[in-house]
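This report refers to the structure that appears directly beneath it.
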Amino acid sequence: MVVLITGAAGFIGSYLVDAYLARGVEVIGIDNLATGSPSNLERAHKDQRFSFIEADIARDAERTGELLQAGNVRPDLILHFASPASPKDYADLPLETMAANAAGTRTCLEVASKCNARFLFASTSESYGDPLEHPQKETYWGNVNPVGPRSCYDEAKRYGEALTMAYWRTRGVDARIARIFNTYGPRMRENDGRVVPNFIRQALAAEPLTIYGDGTQTRSFCYVDDLVDGIMRYGDAASLAGNVINLGNPKEFSILEFAKIVAEVAGVPLRFGHARLPEDDPTRRCPDITKANALLGWQPKIELRDGVAKTIAHFRGAAAPH
Ligand code: NAD
Ligand code: UDP
């Protein structure tokens, strides 16, 4: 079996690479290193079944095709994870974000169509925008501002979802969509601007944790090992073409509660700093994972405090190589 993973040098992508290599299959990673890091692939490079193509999936469609052909590679499964993912990254790279999820998704679907490969698109809870339905089920169409600062990401992912469904409907590609909710863990970039690395960095520096707005907005945090387990079950399962499945942890916390947990686990006194709530920051977010549970037998196992402890250990540099 050959698995092609775009965004392989990123946070989630690199864990997927390691997990498939651990299964003994061949893995090809593609990444342009826009927001990822070669250090995430140090472990993978020790495995002969891993190969890496440094390319932009949105711009180098021909080159990607040529490289795959030259290597005589026909993937069986394509996981499209290439895209800036943190609000700071996609605000800095709006056009690149749109391209990765539009042209990039199309390139992957073309390869899937030619190779008769299964395709899985890494979509997002941002497809629901600032949701009016709670918790969010896959049947909810969302509440997205199409011209706001998050639209480059939200609408690009929604377009990627539409493209995925069109290739399934009209080309018969075995294409699937995962709507991923906030996922965290070691290998997140310390400065990617997301709440998990920000709070951990601040706690370890004995600085106040910066709450955006009043901190009553909620998120549901899924540890990366749980997410990888869910993605692999989805990639393995037969007869799920054309599906949309939420993957995330259904335990919901306000950002204030999350700050308290980080401070407690880090063993530092809790002090708050305050900053403006970013425009269109979703008020509540929590997945309904009934479908993932029914179709994949999946649910997250790792408690938030345990996952935060592992992540803090990594940020302290005290963790064993992960
Ligand atoms: P990340 O930024 O760590 O990883 C993304 C990777 O994609 C990076 O290595 C980057 O260099 C690469 N990339 C970006 N554009 C590319 C392009 N055009 N060609 C090739 N490579 C490109 O982010 P992450 O948190 O690991 O997210 C991975 C995927 O999962 C993204 O598609 C993201 O939208 C999705 N997702 C993540 C979360 C989360 O909470 N982490 C939630 C929902 C969805
Ligand atoms: N947030 C915060 N302080 C920070 C970073 C983020 O209070 O230093 C808040 C942010 O406003 C949002 C939540 O934490 O409500 C999660 O933000 P993140 O950027 O991690 O991801 P999002 O879920 O918004 O994509």
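The values are calculated or read from the model by the stated rules, or taken from the named source; none is laboratory data. Everything numeric here is computed off the predicted structure, so don't read it as measured data. As a convention, Cβ positions derive from the backbone with ideal geometry for all residues, glycine included, and neighbour counts pool all protein chains shown. The area values use the complete protein model at the heavy-atom level, side chains included, leaving out ligands, DNA and RNA. Shrake-Rupley method; radii C 1.70, N 1.55, O 1.52, S 1.80 Å.
In table form, for the structure just shown:
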item: Highest to lowest packing among 211-218, 6-13, scored as the average C-beta count within 10 Å; result: 6-13, 211-218
item: Ratio of Rg to Rh over segment 219-322 (Cα coordinates, Kirkwood Rh, two decimals); result: 1.04
item: Cross-link table Lys137/Lys157; Lys157/Lys310; Lys114/Lys157; Lys260/Lys291; Lys157/Lys260, entries beyond 25 Å C-alpha to C-alpha; result: Lys157/Lys310; Lys260/Lys291; Lys157/Lys260
item: Scattering profile of segment 195-273 at q = 0.14, 0.19 Å⁻¹ [log10 I(q)/I(0), Debye over alpha-carbon scatterers]; result: -0.58, -0.82
item: For the chain, the longest site-free run once trypsin sites (Lys or Arg not before Pro) in DSSP loop states with at most 16 other Cβ atoms within 10 Å are removed; result: 138-250
item: Cα-Cα pairs of segment 36-131 separated by more than 17 Å (percent); result: 59 percent
item: In degrees, nearest ten, helix 61-70 long axis to first principal axis of the chain (Cα); result: 60 degrees
item: Accessible area expressed per residue, the chain, with surrounding protein chains retained (probe 1.4 Å, Å²); result: 43 Å²
item: Helix axis angle, 103-115 relative to the chain longest principal axis, alpha carbon, degrees; result: 40 degrees
item: Radius 13 Å from Cβ of Gly172, net charge of other residues (Lys, Arg +1; Asp, Glu -1); result: +3
item: GNM top mover of Ala275, Ala203, Ala102 - the chain, alpha-carbon springs below 10 Å; result: Ala275
item: Rounded to 10°, Cα long-axis angle of helix 151-171 versus longest principal axis of the chain; result: 30 degrees
item: Portion, in percent, of the accessible area of segment 181-306 that falls on carbon or sulfur, probe 1.4 Å; result: 50 percent
item: Cα-based Rg and Dmax for segment 113-169, where Dmax is the largest Cα-Cα distance (Å); result: 13.0, 40
item: Descending semi-axes in Å of the chain, equivalent ellipsoid built from Cα gyration tensor; result: 31, 22, 18
item: Selected from Ala85, Ala162, Ala178 as most flexible by GNM, with the chain as the system and alpha-carbon contacts under 10 Å; result: Ala162
item: Carbon + sulfur, % of accessible area of segment 1-137 - ligands and nucleic acids excluded, 1.4 Å; result: 48 percent
